[in-house]
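All of the numbers you see were taken from the coordinates with simple rules; none came from a lab. Since we're looking at a predicted model, the values are computed, not measured. Every residue, glycine as well, gets a Cβ built from its backbone with ideal geometry; the counts of neighbours run over all protein chains shown.
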Amino acid sequence: MIRHQLVIVGGGLAGLRAAVEAKGAGIDVAVISQVHPGRSHSGAAQGGINAALANNPESHDDTPEKHAFDTVKGSDYLADQDAVYQMTQDAPQTIFEMEHWGCPFSRYDDGRIAQRPFGGAGYPRTCYGADKTGHYLLHTLVEQAYRRQVAMYIERFVTSLIVVEGECRGVVAYDMIRGGFEAFVADAVIIATGGAGRTYANTTNAIISTGYGAAMAYHAGVPLKDMEFVQFHPTGLYTTNILMTEGCRGEGGYLINDLGERFMERYAPTVMELAPRDITARSIWTEILEGRGIGGKDFVYLDLRHLGERKIAEKLPGIRDLAIHFEGVDPVTQPVPIVPSHHYTMGGIDTDVDGVTAMPGLYAVGECACVSVHGANRLGGNSLLETIVFGRRAGRAVVSFLADGGAGRPAPEAAARAALGAVQERVDRLSRAAATEDAYDIRGEMIVTMKQNFGIFREARQMQEGIDKLLSLKERLPRIGLRHAGGAFNLDMIRTIELEGMLDVALATAVGAFKRTESRGSHARTDYPNRDDVHWLEHTLALYRPDGPPELAGKPVALGMFEPQERKY
Amino acid sequence: MSEARFRIKRFDPASDAAPRYDTFVVPYEGSLSVLEGLFSIQERDDGSLCFRYCCRAAVCGSCAMYINGRYRLACQTNVSQLHGGDITVEPMPHLPLIKDLVCDMTDFFAKYEYIKPWLIRDEDHDPEGEIAQSPRARRKLDMPIDCILCGCCYSSCPSVWGEENYLGPAALLKAYRFEVDSRDEAGRQRLPDFDNERGVYRCHTITNCVEACPKELNPTEGIQWLKGAAVRRRLFGRRK
Ligand SMILES: Cc1cc2nc3c(=O)[nH]c(=O)nc-3n(C[C@H](O)[C@H](O)[C@H](O)COP(=O)(O)OP(=O)(O)OC[C@H]3O[C@@H](n4cnc5c(N)ncnc54)[C@H](O)[C@@H]3O)c2cc1C
Ligand code: SF4
Ligand code: SF4
Ligand code: FES
């Protein structure tokens, strides 16, 4: 049994920032991560991170209020406005802190941090390091975690929470290096496990972005919020869905259809390619549905050729490498085939601005959580910001929680042993089972169902079919078994356990989407094409039910600063 | 449908007496990366196969392996690049093994930590806003900050094989990354970490590391710079 005051599950930007904060306040904190923290998916972020620094000559009168307005409008008014304001207020300080810690942002001639335009933003306010911003931010926080000697348990896969009398007091993890399970007991636990992209077949997300962390909380009775809001990024590579950053369009790239038209003119004539992601993704998909995909196929072109080799080398070197290695085209001389791809999980574990969840002792932060600052559609560059701003706040909240009586109450040994035993039993059962179903088949059918039935455009009948399909998969799930039992680095076991969580997270998305009879942000229904503020200006909460679909409830949206208006660009 | 034949080095130190090679045929349509091939085998043919993975886009550094006798990232290597024949997949050589294609990276990260891989400066005097850095000064960081800590260079370095304490190219490249940063004020603080028998003098500029790096970085260049800096500091006590 391993003991720490605070255990953080996840070593991406959100988890590390929380760790650095708590450690700085003298808390004994441990980060547990499935991969070395420096390999977390935050490192794949490309385009940048938003803050109203007003460094760009065109943004000299930018302010956190304007950043908040763009974010709320981008969210189609579903974001909680107090949380958004908190985030945009904290943004400049957050950037400066990361810079002071060494993050290598790109610079203007006068030495200040450079900023580029991003979709849905009234000003160029996206700070960046070439097109590798996430890699630079992540390495900076990894470095700070080493510097502060944060305890790190690397290549441990967390399987479940230890809950004592309704309070979270630790986790159980599989030790991938040595094999076997361990109990970690703590006064508080923060979940920072990232997004759920892998519930879809066509995602930009890392292979480990399964949503399993959110599922752990969900299974323990904590509601998930707004799971029906799933962001499709306009530009994933055609063959692999690997991301081509919005920065490509921020730097001046065009979207082109089979007729050679810059078709965004029809959908967002003023901002063109820099419309928010939901609108741009739908526009591309409409072009494809109407037969104007390239050669009649299901992709269009992202054209960067007119930017020239020099600008591409300076601003988008990573994009060029990715296009060459993964699509076989050089953007300097060829247009890049792209298709809208699942990109971001707006929903997540229901939290407040301090990462507090419905379960005492349990906190959540980052993409696995839903504060909500993104509402129905996230603006590019706001997610990296969210991870760091709210990571710090969650770390600080745990410090206060411990000071105010939360300390000194880790799970008693018996409870830890019971939780450990439960996981062990679950795995033993899976290893003994005479499997009549195949976990990888179920996974494959699930991700295709999500892609096809809960995609960019949604409609009742198709969604009902999708839900039926997911429920039948859930019904088949108990008949799977492991192909390989025990030992170190047991991928079969990890991926099978993940599947159990993924399927429930997918169902929460599906049922939420079916029930929400309106179109808002990323949730576009052909049978209910309009936003319906009278009935649906509210968050969705999904409560886990072991034997069927989740139970849904509503939760009010925090308004007050900006009146909901029609969203035009 | 196309097919690719994978020949994979297998070894579980916990249960196997000796390593062996297993052959698998992977059917695929369109394009297939080596990483996708490994997943197909793990899912369909042999659930006990293991390897590291995360981003599948050549940015996280998880999937470094030895493929057809070269250091590569499995996710970035398309089987079409390998010109037919068997695809031989082995773990990075010269590193301790956990199982199959998964090497033990403990020493690699311990050495990374040893060189104090963080910006060192007198933070009490930091400005409220950003610390100014000219684009020219920033450009010096372009190469070393792209390191994804995959370990290819480290595994390829004969000086690491010969002297287990040698810090190796990745850790030294990281030291270089901070030493050339105009904002870093470590001065002599980081110097003892690389100006010693574990550090830069063990490098004999054999440049295996440059050849091995899947991100096309140049650790040797960084190490040479550090050697120069160490000499300058010894002689003149100067920082940069
Ligand atoms: C390709 C791409 C590009 C992006 N670009 C941008 C951008 O330019 N700007 C922007 O604002 N946003 C961007 N985003 C979004 C943003 O990068 C992510 O939302 C954010 O980085 C998520 O950070 P996180 O800390 O919440 O999670 P992650 O970085 O995903 O970290 C999750 C951590 O949890 C650990 N973990 C997960 N499950 C377990 C478990 N069961 N046991 C143990 N450990 C576990 C993992 O090992 C990992 O350390 C991008 C996203 C993608 C996919
Ligand atoms: S150049 Fe130096 S670090 Fe690189 S392989 Fe040779 S000895 Fe090792
Ligand atoms: S220098 Fe290159 S080979 Fe070495 S760890 Fe970094 S990315 Fe990998
Ligand atoms: S999986 Fe990340 S580098 Fe290959």
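Quick rundown of the values:
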read-out	value
Ranked list, fewest to most other Cβ atoms within 10 Å of each Cβ, for B:E197, A:E386	B:E197, A:E386
Residue mean of other protein chain beta carbons inside 10 Å, A:493-501	1
Under-5 Å amide H pairs with B:R10, H placed in peptide plane, nonlocal only	B:R20, B:Y21, B:D22
Loop-resident sites, region A:460-569, for trypsin sites (Lys or Arg not before Pro), counting at most 10 other Cβ within 10 Å (DSSP)	A:K568
Net charge dipole size for region A:140-286 [Lys, Arg +1 and Asp, Glu -1 on Cβ; Debye, nearest 20]	140 debye
Loop sites in region A:149-205: trypsin sites (Lys or Arg not before Pro), DSSP, at most 10 other Cβ within 10 Å	none
Karplus-derived HN-Hα couplings along region B:47-61 (A = 6.51, B = -1.76, C = 1.60, θ = phi - 60°), whole Hz, x at Gly and Pro	x, 8, 5, 9, 6, 9, 7, 7, 6, 6, 9, 6, 10, 9, x
Farthest toward positive dipole pole in region A:435-556 [+1 Lys/Arg, -1 Asp/Glu at C-beta], among A:L471, A:G481, A:A506	A:A506
In sequence order, calculated HN-Hα J values of region B:105-110 (Karplus, 6.51, -1.76, 1.60; Hz; x Gly/Pro)	9, 4, 5, 4, 6, 5
When each of B:K116/B:K140; B:K174/B:K215; A:K23/B:K116; A:K73/A:K225; B:K140/B:K215; A:K23/A:K225 is checked by Cα-Cα distance, pairs over 23 Å	A:K23/A:K225
Shape call, region A:339-434: gyration tensor on alpha carbons, a/c limit 1.5	oblate
Three-way shape call for the protein assembly as shown based on the alpha-carbon gyration tensor, with the a/c threshold at 1.5	rounded
Using θ = phi - 60° and Karplus 6.51 cos²θ - 1.76 cosθ + 1.60, couplings along region B:144-161 (whole Hz; Gly, Pro as x)	x, 6, 7, 5, 9, 6, 7, x, 4, 4, 5, 5, 8, 8, x, 5, 5, 4
Burial ranking of peptide ranges A:355-361, A:424-430 (average Cβ count within 10 Å, highest at the top)	A:355-361, A:424-430
Efficiency of FRET between B:Q81 and B:T23 - r from beta-carbon atoms, R0 22 angstrom, step 0.05	0.65
DSSP-loop GluC sites (Glu not before Pro) across region A:284-317, with at most 13 other Cβ within 10 angstrom	A:E290
Region A:133-230 shape via C-alpha gyration tensor axes, a/c threshold 1.5	oblate
Estimated dipole of region A:384-452 in Debye, rounded to 20 [Cβ of Lys and Arg +1, of Asp and Glu -1, Cα centre]	360 debye
Cysteines in chain B that, by Cβ-Cβ distance, have no pairing candidate under 4.7 Å	B:C50, B:C63, B:C75, B:C103, B:C147, B:C150, B:C152, B:C157, B:C203, B:C213
222 nm mean residue ellipticity, helices alone, for chain A (DSSP H n ≥ 4; -39,500 (n - 2.57); rounded to 500)	-11000 deg cm²/dmol
Inter-chain shielding of A:96-105 (mean C-beta neighbours from other protein chains, 10 Å cut-off)	6
Top positive-direction residue, dipole computed over the protein assembly as shown with Cβ charges, set A:H306, A:Q46, B:P13	B:P13
Built amide H within the under 5 Å cut-off of A:I349, gap 5+	A:K225, A:A369, A:C370
Length added when fully stretched, A:A403-A:Q424, from 0.36 nm per residue minus Cα-Cα	4.1 nm
Simple Cβ-charge dipole of region A:424-569, Lys/Arg +1 and Asp/Glu -1, about Cα centre, in debye nearest 20	180 debye
GNM result for chain B, Cα springs below 10 Å: residue of B:Q81, B:Q224, B:Q189 fluctuating most strongly	B:Q81
